[in-house]
Amino acid sequence: MNVNAAIAAVAALAGLCTGVIAMLAFRWSEREQAKPTRSSLHTDAVLPPGVDTVLSVLRSSAVVLDEADAVVKASSAAYALGLVRGGKLAVEPMLAMARDTRRDGEIRQIELDLPRRGTGRGGDALAVSARVAPLGSRLVLLLVEDLTEARRIEAVRRDFVANVSHELKTPVGALSLLSEAVMDASDDPEAVNRFAGRMQVEATRLTSLVQELIDLSRVQNDDPLEDAEPVRVDELVAEAIDRCRHQAGTKQITMATGGTADLHVWGNRGQLAAALGNLVENAVNYSPARTRVGIAARRIPATGGDLIEVAVTDQGIGISEKDRERIFERFYRVDPARSRQTGGTGLGLAIVKHVAASHGGEVTVWSAEGQGSTFTLRLPEAGAARDRDRSRSQPSDSSESYDTGADLDGEDHGRPYETFTNEPLSAPEVLP
């Protein structure tokens with residue numbers, strides 16, 4: 001009997017221990033489930049019905065806080081912006097605003113500049129707009145919008161409007177003053193003719209500026225590939241030369257071309273002609289008298305299809321290193337005084353950049369002060385113009401490289417291409 005009683009007592013004690021252990025394990029499991037996770041820091045049961053679904057489709061970064069300022073729910077965008085860290089709202093102004101809203105129930109909004117996650121530098125700040133509203137009787141909802149890109153676009157628009165206003169004001173003001181001068185000199189035919197000539201120059205400058213503004217707006221808003229077609233490179237080059245034939249003839253600048261035959265690019269003919277025309281016109285305008293401007297083209301292999309590369313080289317004043325980084329910006333001029341003499345608007349290279357980008361290509365520049373510049377336009381080749389029997393796996397060799405600038409004056413200026421031996425430059429054409 002004593003043995004049986006002892007066994008029964010041991011069994012009861014073992015059962016009691018098992019029950020205690022099971023209860024502790026259950027409590028521990030509940031605590032682990034209640035710990036915050038990346039998508040739902042508390043169980044979804046604490047949120048009002050439907051709120052979780054609504055938050056999942058919002059474009060804003062969303063954070064739900066409970067009465068203890070603990071994060072109940074946070075979207076992945078909130079983590080990406082660095083708003084939530086370790087289950088807590090990491091932005092103190094937003095946390096203070098949430099506490100005020102929980103106290104009085106009022107909706108609040110604030111705009112802040114936050115350091116980008118991992119940088120801590122003020123120059124890399126994120127502009128955000130935070131809005132806090134009560135969610136039920138215990139919770140607070142925080143919605144955060146990233147305004148960084150919108151502010152950047154607004155700054156670009158504001159600068160563009162200011163630049164356009166300034167550029168338009170100059171010729172308009174000049175025309176107004178010149179018209180007054182003509183009226184005052186009505187009895188002096190020589191002065192009238194002189195002022196009228198100046199008025200024509202300013203009117204031409206104003207017309208060019210307005211036209212380039214229209215061209216820039218068109219290349220930014222239109223999809224050039226909607227009306228894309230194979231375009232012959234030699235025809236584009238001929239149009240570009242015709243466009244600046246008068247200026248080149250006046251300065252006795254020789255125009256030389258090479259390698260443009262049997263090459264086609266794919267895109268909008270009008271935009272491509274405008275882009276190449278701007279490059280050639282710049283080369284002529286910024287070249288000294290009795291020099292040479294070269295235009296050469298070639299096919300280069302590239303991933304996803306071959307490219308057509310058109311290089312325009314001049315023997316002009318060149319561009320300094322600090323200016324080369326900005327010459328494709330709207331209204332930026334390396335030498336404003338010289339631009340006034342040449343009639344430049346500061347939009348030509350910006351148009352070239354947009355045309356190249358919208359056609360899936362790019363434009364680059366090599367330049368050295370006192371040695372001239374080479375602008376290179378790379379565009380996708382029109383597949384219909386390819387020689388289908390040519391082996392695409394054949395690597396490019398040095399015989400297909402070219403340099404429109406190395407032979408311009410018999411000296412090698414270190415241009416980005418070596419000798420052009422595939423198709424020699426045509427005989428120089430001295431424009432009348």
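The values are calculated or read from the model by the stated rules, or taken from the named source; none is laboratory data. The model shown is predicted, which means the values in this text are computed figures rather than measured ones. Glycine gets a Cβ as well: all are built from the backbone with ideal geometry, and neighbour counts include every protein chain shown. Please note that ligands, DNA and RNA were not included when accessible areas were found on the heavy atoms of the full protein model with its side chains. Shrake-Rupley method; radii C 1.70, N 1.55, O 1.52, S 1.80 Å.
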- Message: Tell me the per residue accessible area of region 232-296 using a 1.4 Å probe; a whole number in Å² is fine.
- Response: 35 Å²
- Note on the structure: Counting sequence-distant residues (5 or more places) and residues on other chains, those with an amide H built under 5 Å from that of Gly316 are Gly372, Ser373
- Computed over region 140-181, protein heavy atoms only, probe 1.4 angstrom, the accessible area per residue in square angstrom equals 61 Å²
- Roughly to the nearest percent, how much of the accessible area of region 171-249 is carbon and sulfur, given a 1.4 Å probe? 52 percent
- Task: Can you tell me the FRET efficiency between Asp323 and His166 if r is taken as the Cβ-Cβ distance and R0 is 30 Å, rounded to the nearest 0.05?
- Result: 0.95
- Message: Given axes a ≥ b ≥ c from the Cα gyration tensor, I'd like to know whether region 114-270 is rounded (a/c under 1.5), prolate (a/b larger than b/c) or oblate.
- Response: oblate
- Query: Roughly how many percent of the accessible protein surface of region 43-163 is carbon and sulfur, given a 1.4 Å probe and a whole-percent answer?
  - Reply: 54 percent
- Karplus ³J(HN,Hα) for region 183-190 (6.51 cos²θ - 1.76 cosθ + 1.60, θ = phi - 60°; Hz, whole; x = Gly/Pro) runs 5, 5, 9, 4, 8, 10, x, 5
- Task: Just check region 180-258 against the gyration tensor rule for me: Cα atoms, a ≥ b ≥ c as the square roots of the eigenvalues, rounded for a/c under 1.5, and otherwise prolate or oblate depending on whether a/b exceeds b/c.
- Result: oblate
